[in-house]
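Novice: This is the structure I have questions about; it appears just below.
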Amino acid sequence: MFTDLTAAESLVVLLAGLAAGVVNTVAGSGSLITFPALVALGFPPVVANVSNTVGLVPGSISGTLAYLPELRAQRRRLVPLGAAAALGAVCGGILLLELPPAAFEAVVPVLVLLAALLMAVQPWLARRAAAVRSGLLARALPLLVLAVSVYGGYFGAAQGVLLIALLACVLDDDLQHLNGLKNLLQALVNVVAALFYALSTEVAWGAALLVALGSVIGGRLGASVARRLPPAVLRHVIVAVGAVVGVVLALT
């Protein structure tokens with residue numbers, strides 16, 4: 001179902017996947033590009049969300065591999081936080097499939113607008129990071145990652161923003177190290193959720209493969225861009241796209 005895309009539609013999905021791969025590696029919220037693109041091409045919201053998650057897996061892995069040097073410096077964090085991310089992804093996937101499609105369609109505009117808002121306030125969250133760090137938050141970090149990952153398994157847009165903001169608030173570490181950790185956790189959520197969806201529900205494999213191809217290239221490019229690009233430029237674009245998409249979905 002919905003696998004027959006025209007050449008022009010295939011190009012749109014491919015380019016959306018490439019842009020999402022870059023955005024996910026740099027800041028998160030790549031789904032604000034690919035999910036609306038799939039919906040605009042006629043995919044039902046739940047099918048679009050599932051196929052988008054599956055398609056972004058290779059790009060997530062690609063972006064994570066590019067950050068291996070940053071990840072080696074924080075190995076002790078990887079197991080507890082990775083386990084929390086995987087468990088949260090399964091819980092989010094179950095929620096997506098068990099709740100009626102109408103519930104997802106109703107909440108998606110709110111989630112998209114929330115994702116755009118989170119991108120808009122990310123600088124403020126970063127500035128507040130030092131003020132709210134505490135030992136209690138550090139001990140609760142796996143539970144907090146679990147909560148964000150439930151959201152990521154249900155609807156992935158802005159999970160990267162949530163994760164990087166959370167990690168920056170709790171951990172006193174170099175931002176590049178935290179971005180690498182964010183990429184790993186985001187990749188785990190996408191991989192686990194994608195496996196769950198592939199075994200449990202319908203995936204538009206043609207669209208997912210196009211997103212995957214684009215996101216792999218974008219994920220590698222994003223690692224380079226992340227070290228050079230002023231984040232404000234990308235943030236403004238994502239916020240604008242998210243706001244427009246959220247309003248359009250709410251009105252349709």
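The values are calculated or read from the model by the stated rules, or taken from the named source; none is laboratory data. Since the model is a prediction, treat every value here as computed from it, not as a measurement. Glycine gets a Cβ as well: all are built from the backbone with ideal geometry, and neighbour counts include every protein chain shown. Areas reflect the complete protein model, heavy atoms only, side chains present, ligands, DNA and RNA absent. Shrake-Rupley method; radii C 1.70, N 1.55, O 1.52, S 1.80 Å.
Novice: Within the range 145-189, restricting attention to residues that are farther than 26 Å from G17 by Cβ and not in a helix (DSSP H, G or I), which residue is least open to solvent (accessible area, probe 1.4 Å)?
Specialist: L171
Novice: Continuing with the same structure: Which one of these is in contact with a helix residue (DSSP H, G or I) (Cβ under 6 Å, 6 or more places away or on another chain), within 16 Å of K182 (Cβ to Cβ) and open to solvent by less than 60 Å² (accessible area, probe 1.4 Å): A66, A37?
Specialist: Result: A66 is the single residue among A66, A37 that is in contact with a helix residue (DSSP H, G or I) (Cβ under 6 Å, 6 or more places away or on another chain), within 16 Å of K182 (Cβ to Cβ) and open to solvent by less than 60 Å² (accessible area, probe 1.4 Å).
Novice: If you don't mind, another one. May I ask you to list pairs of residues, at least six apart or on different chains, whose Cβ atoms are under 8 Å apart, with the first in the range 140-154 being more than 16 Å from G30 (Cβ to Cβ) and the second being surrounded by fewer than 18 Cβ atoms within 10 Å (Cβ to Cβ) and hydroxyl-bearing (S, T, Y)?
Specialist: From residues that are more than 16 Å from G30 (Cβ to Cβ), there are no pairs.
Novice: Mind checking which residues of the range 69-88 are over 20 Å from V192 (Cβ atoms) and surrounded by 17 or more Cβ atoms within 10 Å (Cβ to Cβ)?
Specialist: E70, Q74
Novice: Another question, then. For residues that are surrounded by fewer than 24 Cβ atoms within 10 Å (Cβ to Cβ) and touching a residue at least 60 places away in the same chain (Cβ under 8 Å), scanning just the range 198-211, find the one that is farthest from L41 (Cα to Cα).
Specialist: Filtering the range 198-211 for residues that are surrounded by fewer than 24 Cβ atoms within 10 Å (Cβ to Cβ) and touching a residue at least 60 places away in the same chain (Cβ under 8 Å), the one farthest from L41 (Cα to Cα) comes out as S200.
Novice: Give the residue, chosen from G180, G152, that is within 10 Å of the chain's Cα centre (by Cα) and modelled with pLDDT of 75 or more.
Specialist: Just one listed residue meets the conditions, G152.
Each row is one residue, and each column tells you yes or no for (1) more than 24 Å from R76 (Cβ to Cβ); (2) of a type outside the set (D, E, K, R); (3) modelled with pLDDT of 85 or more.
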| residue | (1), (2), (3) |
| --- | --- |
| L111 | yes, yes, no |
| A115 | yes, yes, no |
| L118 | yes, yes, no |
| P123 | yes, yes, no |
| A131 | yes, yes, no |
| G135 | no, yes, no |
| L141 | no, yes, yes |
| L144 | no, yes, yes |
| A147 | no, yes, yes |
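Novice: For A106, all conditions in the list (1) part of a helix (DSSP H, G or I); (2) touching a residue at least 12 places away in the same chain (Cβ under 8 Å) hold save one; what is the number of the exception?
Specialist: All conditions are met except number (2).
Novice: For L11, which of the numbered conditions (1) touching a residue at least 12 places away in the same chain (Cβ under 8 Å); (2) hydrophobic (A, V, I, L, M, F, W, C); (3) over 20 Å from L188 (Cα atoms) fails to hold?
Specialist: Going through (1) touching a residue at least 12 places away in the same chain (Cβ under 8 Å); (2) hydrophobic (A, V, I, L, M, F, W, C); (3) over 20 Å from L188 (Cα atoms) one by one, L11 breaks only (1).
Novice: Taking the range 44-61, which residues are open to solvent by 10 Å² or more (accessible area, probe 1.4 Å) and either over 14 Å from the mean Cα position of the chain (by Cα) or at pLDDT below 85 (or both)?
Specialist: Correct list: P44, P45, V46, V47.
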